[in-house]
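Remarks on the structure that follows.
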Amino acid sequence: MTEADFAGLIDCRFPYNDHDVSIALMDHANAISSNAAFMVLEEIARPVVSAEVSKETRLELIQEWRERTNHPLVSSMAKVARAMVHDKLCSVEDALIQMDQISCFEGNFAALNIVYFSCDDVDGSVDQANRKIRSEWES
């Protein structure tokens, strides 16, 4: 399965309340790519408005994801995701630092998405950094 196929499988329909299927999707994502693994985290951190999932379930899923995913960004990205579950915004400065770290791992677009949506980018600097990194990866 490709990343695009996987994204289509989980986008806006992650099975938050089915623990076994959620775990299987995490494991499948890890077998595809680190970007697919971050797609799972993005779904957990940013569920669709219509999703009926508790904060507790999301926090448990983040912990499961953290334990099952092997990548240098796991700890920092799980921290951002937990903050999002608690409706806490990251500072623009922290988001820019995170994006700089993510930029070293080409193709992890879902990780960029998480950080992009984790702050209130009032001056557009996070958007500018996001576009610059994506442009570099896509060239």
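The values are calculated or read from the model by the stated rules, or taken from the named source; none is laboratory data. Keep in mind that this is a model prediction, so the values were computed, not measured. Glycine also receives a Cβ, built like all others from the backbone with ideal geometry; neighbour counts cover every protein chain displayed. We work out accessible area using only protein heavy atoms, side chains counted, and drop any ligands, DNA or RNA first. Shrake-Rupley method; radii C 1.70, N 1.55, O 1.52, S 1.80 Å.
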Using +1 at the Cβ of each Lys and Arg and -1 at the Cβ of each Asp and Glu in the chain, identify which of Asn30, Val74, Ala7 lies farthest towards the dipole's positive end.
Val74
Got a sec to turn the phi values of region 30-38 into Karplus ³J(HN,Hα) couplings, 6.51 cos²θ - 1.76 cosθ + 1.60 with θ = phi - 60°, whole Hz, x for Gly and Pro?
4, 6, 7, 5, 5, 4, 4, 4, 5
Plugging the Cβ-Cβ distance of Ser139 and Glu60 into 1/(1 + (r/R0)^6) at R0 = 35 Å yields, to the nearest 0.05, a FRET efficiency of 0.35
accessible surface per residue for region 1-128, probe 1.4 Å, DNA/RNA/ligands not counted, whole Å² -> 51 Å²
Given a 1.4 Å probe and the protein chains all in place, what does the accessible area of Lys88 round to, in Å² to the nearest 10?
130 Å²
Distance-filtered residues of region 48-76 - backbone nitrogen under 12 Å, label point 7 angstrom along Phe105 Cα→Cβ
66, 69-76
Tell me which residues come under 5 Å, amide H to amide H, from Cys119 once H is placed; ignore anything under 5 positions away on its chain.
Cys90
Spelling out what I want: for every residue of region 115-122, take phi, set θ = phi - 60°, compute 6.51 cos²θ - 1.76 cosθ + 1.60 (Karplus), and round to whole Hz; glycine and proline get x.
5, 4, 8, 8, 9, 9, 7, 5
So the carbon and sulfur contribution to the accessible area of the chain, 1.4 Å probe, in percent, is 49 percent
Between region 93-139 and region 49-79, what is the separation of their alpha carbon centroids in Å?
19 Å
So, by mean Cβ neighbours within 10 angstrom, what's the order for 25-36, 52-63 with the highest one leading?
25-36, 52-63
Just one of (1) 55, 27, 16; (2) 42, 34, 14; (3) 23, 18, 13 is semi-axes √(5λ) of the Cα gyration tensor in Å as worked out from the coordinates here. Which one is it?
(3)
If the reach is capped at under 25 angstrom between alpha carbons, list the lysines near Lys55, excluding any in the same chain fewer than eight residues apart.
Lys79, Lys88
Table column - 3J(HN,Hα) (Hz), region 80-97, Karplus curve with 6.51, -1.76, 1.60, x for Gly and Pro
4, 4, 4, 4, 5, 4, 8, 6, 9, 7, 7, 6, 4, 4, 5, 4, 5, 5
For the chain, what is the mean residue ellipticity at 222 nm derived from helices alone (per DSSP H run of n ≥ 4: -39500 (n - 2.57); sum divided by total residues; nearest 500 deg cm²/dmol)?
-21000 deg cm²/dmol
Suppose the chain between Asp120 and Glu93 were pulled fully straight at 0.36 nm per residue; how much longer would it get relative to their current alpha carbon spacing?
8.7 nm
